[in-house]
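Following: one structure in structure tokens, then a few remarks.
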Amino acid sequence: MADHAGTALQLDDQSRRTLAGACRALIESLTSVHATALRLDNVDGFGELPSARELSAKFAQLGGSEGIQLSLRQHIAVVERIEQTLGKSFDQYDEADFALLEQLSAIGRQR
């Protein structure tokens, strides 16, 4: 949670678990949809609105450069990257917090 001045970010353990769980759940969901898409022969049924027809045309090629299978793989990769970035950020935050605690403890022992 950001402080009122917008200069600090504090993530408690529950928030970290929630973020990690949300990433994992989205990856699993997208992976499941991707597995289904791999078994499809054609994609249709987006509806009759103009935007739905555009989606249908875009995803008509399942494995093409704009196909739904590639789009799903790209989405999975993005969420995996977010998950990795969050994990590294949490680790760095913990390391910095621990280093500061060590420094403060050392100052206290010197007195």
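Residues are listed down the side, and each one gets a yes or a no for (1) at pLDDT 95 or above; (2) within 30 Å of residue 11 (Cα to Cα); (3) of a type in the set (A, V, I, L, M):
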residue	(1), (2), (3)
37	no, no, yes
45	no, no, no
56	no, no, no
65	no, no, no
70	no, no, yes
86	no, yes, yes
104	no, yes, yes
107	no, yes, yes
Q.
I need a count of the residues in segment 69-104 that are touching a residue at least 60 places away in the same chain (Cβ under 8 Å) and of a type in the set (A, V, I, L, M).
A. 1
Q. Across segment 17-41, what is the total count of residues that are under 22 Å from residue 68 (Cβ atoms) and small (Gly, Ala, Ser)?
A. 5
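The values are calculated or read from the model by the stated rules, or taken from the named source; none is laboratory data. What you see is a predicted model; the values in this text were computed from it and never measured. Counting neighbours? That spans all protein chains shown, and the Cβs are built from the backbone with ideal geometry, glycine included.
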